[in-house]
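Since the structure comes first, as structure tokens, the remarks are kept for the end.
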Amino acid sequence: MTEDLVVNGSSVSDQWGQVCEQLKGEIGETAFESWLKPLTVGTFSDGTMNICVPTRFMRNWVITNYSDRIHKIWEKKNPKIKNVNFIVQAGQDVMQAHGIYSPTCPSLIKKIASSPMPQNIYQSGAVAAANANDGTLNDSLSVPLNPQYTFENFVVGKTNEFAYAAARKVAESRSISFNPLFLYSGVGLGKTHLMHAIAWHIKQQDPTRNIVYLSAERFMCKFVRALRYKDTAAFKEQFRSVDVLMVDDVQFMGGKDITQEEFFYTFNSLIEEGRQIIISADKSPSDLEGIEARLKSRLGCGLVADIHPTDFDLRIGILNSKAKQMGLELPPKVAEFLATKITSNIRELEGALRRVIAHSQLLNNHEITLDMTQDILKDMLRSFDKRTTIDEIQKKVAEHFNISVREMQSSRRARTVARPRQIAMYLAKQLTSRSLPEIGRKFDRDHTTVMHAVRKVEELIMEDVSLAENVETLRRALEA
Ligand code: ADP
Ligand code: MG
């Protein structure tokens, strides 16, 4: 596949190898190993070369520091490369374990193909979306809709009924009922699913309506690119004819001032013209970090609906519904086991189910039993138990910088102690699901100090290569 993709006489992987060699010479072995070696070649289309990056953090780093250079070098070797795009391929190992194929990063296919998963359950939403012709929204801003993410496939329970009702209302109303609709929840609880469901519904009712669905990150990338090419007028023009604008995960807009301003502008003008806006985030508007006050208040001025963590009944409902979609019935004991053990979020619950089903299909549709389920999920459950804690982060960071955990929690402000403390706070925010006040308590500080630390480290990462490398090393050690 990608490995054989020939553009302008040689394969893109060969070209990427050459780009890497040249960059290694320019930036040095250490920086190369840290930042560029983990990247892999993805797909090429319409002049855009997609490069896969393992984490969001690395992606930001690579874009800030190397993307222009990569683009220049590559374009020189191959004038057909007009853009180089970086795509986060988060948690590759998890995705492989669950048999998820990435349409943008087919280098993953090889690894997956060699894993013992039957072909028919590769079909994650992502693949299906890429294959479905009618899931494409008609403009260059949007990403395709996932055909699985419909209202019909959304299981409603106590924890999500309000968000569901709000989403349905927006999808079904001919006139605007609330604007914007702001959905928020922790990860994997159905925000993206509901947004796609709204889009599908509107599309079905009236195919002429111009719906744009994109992530906040994509919005930022597109805008920054427009700035770079001094083409912001064209960027703005794209939004003029939009009837429904959906922006997913706006928390990632935090801190990026010019994009926020542009978003604010786009947002206001669309609202004024009576177009529907739907936003999602991981926090309520007022709790969003790094977002300007006026934008926060704008985001919260329509209807704000949150999705709570799942309860047992909903988990059972979802398991049964997903099993049914895959054409089988789950023994109640197995469903109970899964719903008791995997409580974090729905994405992980689905992953576990997919694993169990894959296993039974591999064994010639062997009956799914409780024993078998327990056995298959042993590793997965162990890795859930092993999730990083704030204590562990404090310990690792203190060790790394040669200070004691007690010093880290003390009131000392010397840089040698304060910096590691800030880094530990930053990592606690990134790697655990603890709230700012909870993190603060572990450091004997209040939440504003944690927020400040997170922001500070984010800034430093952009400015200070050695600090960024330290943070990345720690993150990898903690995630291992
Ligand atoms: P978020 O955007 O909040 O991180 P997603 O919308 O991506 O979460 O949901 C994660 C996975 O869980 C998706 O595969 C989605 O289809 C599934 N899911 C979430 N909520 C429900 C639900 N209520 N019923 C069925 N599937 C759900
Ligand atoms: Mg989402």
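The values are calculated or read from the model by the stated rules, or taken from the named source; none is laboratory data. Not measured: the values here are computed from a predicted model. Counting neighbours? That spans all protein chains shown, and the Cβs are built from the backbone with ideal geometry, glycine included. Protein only, heavy atoms only, side chains kept; ligands, DNA and RNA dropped before computing areas. Shrake-Rupley method; radii C 1.70, N 1.55, O 1.52, S 1.80 Å.
None of 391, 375 is free of Cβ contacts under 8 Å to residues at least 40 places away in the same chain and surrounded by fewer than 16 Cβ atoms within 10 Å (Cβ to Cβ) except 375.
Taking the condition over 28 Å from the mean Cα position of the chain (by Cα), more than 16 Å from ligand 2 (Cβ to nearest atom) and either over 20 Å from residue 431 (Cβ atoms) or not acidic (Asp, Glu) (or both), does residue 325 pass? Considered against the rule, which asks whether it is over 28 Å from the mean Cα position of the chain (by Cα), more than 16 Å from ligand 2 (Cβ to nearest atom) and either over 20 Å from residue 431 (Cβ atoms) or not acidic (Asp, Glu) (or both), residue 325 comes out as no. State yes or no: is residue 274 open to solvent by 30 Å² or more (accessible area, probe 1.4 Å) and either on the phi > 0 side of the Ramachandran plot or in the same structural domain as residue 352 (by TED's automatic domain parsing) (or both)? When the stated conditions are applied, residue 274 passes them. Per the conditions (1) at pLDDT below 80; (2) more than 19 Å from residue 464 (Cβ to Cβ), the sole criterion not satisfied by residue 85 is (1). Exactly one residue out of 271, 291, 277 is under 30 Å from residue 174 (Cα atoms), more than 16 Å from ligand 2 (Cβ to nearest atom) and under 24 Å from the mean Cα position of the chain (by Cα), and it is 277. Taking the conditions exactly as written (within 16 Å of ligand 1 (Cβ to nearest atom), buried (at least 19 other Cβ atoms within 10 Å of the Cβ), under 21 Å from residue 317 (Cβ atoms) and not hydrophobic (A, V, I, L, M, F, W, C)), does residue 190 satisfy them or not? Yes; evaluated as a whole, the condition is true for this residue.
Within region 272-286, the set of residues being among the acidic types (Asp, Glu), closer than 20 Å to residue 189 by Cα and more than 16 Å from ligand 1 (Cβ to nearest atom) is empty. The condition (being in contact with a helix residue (DSSP H, G or I) (Cβ under 8 Å, 6 or more places away or on another chain) and open to solvent by 10 Å² or more (accessible area, probe 1.4 Å)) is satisfied by just one residue among 457, 397, 417, 405: 405. The set of residues in region 145-184 being modelled with pLDDT under 95, within 16 Å of ligand 2 (Cβ to nearest atom) and under 28 Å from residue 268 (Cβ atoms) consists of 145 alone.
Scan region 45-62 residue by residue and report those that are crowded, with 18+ Cβ neighbours inside 10 Å and hydrophobic (A, V, I, L, M, F, W, C). Within region 45-62, 49, 51, 52, 53, 58, 61, 62 qualify. Any residue in region 297-314 that is free of Cβ contacts under 8 Å to residues at least 60 places away in the same chain, within 16 Å of ligand 1 (Cβ to nearest atom) and either open to solvent by 60 Å² or more (accessible area, probe 1.4 Å) or under 22 Å from the mean Cα position of the chain (by Cα) (or both)? Yes, that holds for at least one residue. Would you check if residue 197 is open to solvent by 30 Å² or more (accessible area, probe 1.4 Å) and either in contact with a His (Cβ under 9 Å, 6 or more places away or on another chain) or at pLDDT 90 or above (or both)? Spelling it out, it is not the case that residue 197 is open to solvent by 30 Å² or more (accessible area, probe 1.4 Å) and either in contact with a His (Cβ under 9 Å, 6 or more places away or on another chain) or at pLDDT 90 or above (or both).
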